[in-house]
Structures are given as structure tokens and as C-alpha cells.
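The values are calculated or read from the model by the stated rules, or taken from the named source; none is laboratory data. Predicted model only: the values in this text are computed from it and were never measured. Note: ideal-geometry Cβ built from the backbone for every residue, glycine included; neighbour counts use all protein chains shown. When the accessible area is computed, the model is the full protein with side chains, heavy atoms only, and any ligands, DNA or RNA have been set aside. Shrake-Rupley method; radii C 1.70, N 1.55, O 1.52, S 1.80 Å.
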Amino acid sequence: MVVRNVLLALAFFCAPLLFAHPLDDKADMASSIAILDDNMLELALEFRYRDVRASYAELAAGLDRNQDGTVTRQEVKLRFFDIIDPLVLAITVNVGGRQATLEPDASRFEFRDLNNEAANVDAPEGIPTHSTRIFYRFVIVARASPGTGLHEVEYFFSGPQAVVHSPATQMLAFDDRRGRQPVPGARSDTDTGGMPRVRFAWQVGPVSAAGPTVSQAAEVAGAGDPDLPARSIGLGEVPAWLTLLSGVGLAIAGFALVARRALGSARRGRLSNALMLLGAGVAIILGALMRLGYLRPL
């Protein structure tokens, strides 16, 4: 009874972590981070589902809330609130080594049917789901106000790795202060625990007549702030911490079940199920350690 209660509690705790990100590899993701002014950055993330069949999973997951075969404006609004919190948790923006505050802009959220641009969720019958290919666009404002100078910006996307195949093409950096222009010296990598990342330099306030060169911007984007301590696990990695704790809990529960069923032949239940639970816990632990930077992908 005690073990069963532990498993139920762990299942309740882990469910939001295991299914926290509904935008999986069924949707192609493109994102950008743009300098708006000397105080704010703006992220735009677009998800294009590959075909109608790929859209069915998202429709069943909550977009078509009452499963009546149509999507209405109210259902789109409710689905936005389902998705946005896990999405924001998957994003980290650091400016000068300090985490920026992320604020989603619900008024600029977009949902469309890519197979029918004339489809309208405000129509009396809504949008029929049988031929829908989903498009989502999310806008998130990052408030930093770093002060005058040249600052390193890091944009991490720590969602499922299948979402970002190529940071160089899926995580772009722009400067919108004088018309949209690519940020000089922006670089992308997966060097931090396999997490996709883009880095660039953000010049705030006046500069010399020549301004920062491309090479200077690249040096700042690669060097970081020497006055800050080395990056360590902290509040910025809350999702990974929670994943690690859930994996440890599952592994402990699985080990306990394996021991009980191995030592007591009269115990009900199959040993293979207990081993699968233990294996799942170990897999979650390894994944969390990779996200935290303690392990590197092979």
C-alpha cells in the first residue's frame, strides 16, 4: 500500500514534466530573438505542423477541447494558456550572465490553418479539424535593462531536442532598432549540456564613432562577464532540477519494487514492470544531468 501510494504521488508529480511541452517533433520550429531597444528583447517562436496527421495529436491533446471536429476562438485561447507556461520554462535568456524576465504577449498569439488561409476561428462553425494543418506563433518579451555598454546575450531553448535540429537556422538574432538587421557576430552551438544556444553582443547606449566591430561583438559573445562566477546550477535551471528529482524518485520506487518482487516469490506483480520503472527513472536522471551540463551527448 505504501509503495502504491508513492507511485501514485510520483505519477502525479511527473505528469506535468513528461508532457509539459506539447510542441514536439511533429512541428517544425523557427524562432528569433530581436533587440527592440536599450531595455527589451523580443522572442518570436513559430511552429508549423508537417501535415494533417501530425496535427491530429495536438487537436486531441486539447486544441479541439470538446472533440466536436471544429476549433473555435475560445478553444484557441484555452490552448494558449495550456502551452505557454511550459514553453516559457523551456526558454532562458541571459544578459550579461543574469537571467532576463520573460513575459508572454497573449494579444499577439496566432493560430492558423496552413491548408486553408481563409479559415476563421471566429466563424459560427469555427475551423473544421479534418483537414487542418496547425500553425502557432508565440511572442515573448524579455526585459533586462542592462545599462550602458556591450553585453553578452544568451538564448537557450531547453525543450525536447527534436524541436531544434539546427540552432544556426532555427534560432536567429536580429537588431530591430534601425530596421531589421542580423546581429553581427551572433553564434550558435549546443555546448551547454546539448542545449541549443545562440549568443551575441548587445550594445546599449552611445558608442564611439566607429562603434563595436564584428570581431569585438564576437569576442564579447564568447567571453561572458569576467566579474561573474562560473555558471552553475541555479534557479534558471528549475525545469531540469524538477526533472532530476522526479527521475530519482522513480528510480528509488523502481528499485524498491524490484527488491520486493525478487525476494518474495509470492508477491503479486511482474518483475519486468518493476525493472521498466527503474529503467525509466535512470533514463530521466541521465537526461536531466545532460541538460544541467554534467554529461555530454555521445
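Some notes on this structure:
- Within region 71-85, tally of residues that are open to solvent by less than 30 Å² (accessible area, probe 1.4 Å) and either among the hydroxyl-bearing types (Ser, Thr, Tyr) or touching a Phe, Trp or Tyr at 6+ places or on another chain (Cβ under 9 Å) (or both): 6
- Scanning region 147-167 for residues that are assigned to a loop (DSSP other than H, G, I, E, B) and either among the small types (Gly, Ala, Ser) or open to solvent by 40 Å² or more (accessible area, probe 1.4 Å) (or both) gives Gly147, Thr148, Ser158, Gly159, Pro160, His165, Ser166.
- Restricting region 129-142 to residues that are at pLDDT below 95 and open to solvent by 40 Å² or more (accessible area, probe 1.4 Å), the residue that is farthest from Ile35 (Cα to Cα): His130
- Qualifying residues in region 182-215 (those that are modelled with pLDDT of 85 or more and within 16 Å of Asp38 (Cβ to Cβ)) - the one surrounded by the most Cβ atoms within 10 Å (Cβ to Cβ): Phe200
- Residues (in a helix (DSSP H, G or I) and at pLDDT 90 or above) located in region 1-53: Val52, Arg53
- Region 89-104 residues that are in a helix (DSSP H, G or I), paired with ones that are surrounded by fewer than 21 Cβ atoms within 10 Å (Cβ to Cβ) (beta carbon under 6 Å, 6 or more apart): Leu89/Pro239
- Output for region 23-56, where each listed residue is free of Cβ contacts under 8 Å to residues at least 12 places away in the same chain and in contact with a helix residue (DSSP H, G or I) (Cβ under 6 Å, 6 or more places away or on another chain): none
- Filtered by the rule that a residue be surrounded by fewer than 18 Cβ atoms within 10 Å (Cβ to Cβ) and either within 30 Å of Pro182 (Cα to Cα) or in contact (Cβ under 8 Å) with a residue 24 or more places away in the chain (or both), region 57-69 gives Ala57, Ala61, Gly62, Gly69.
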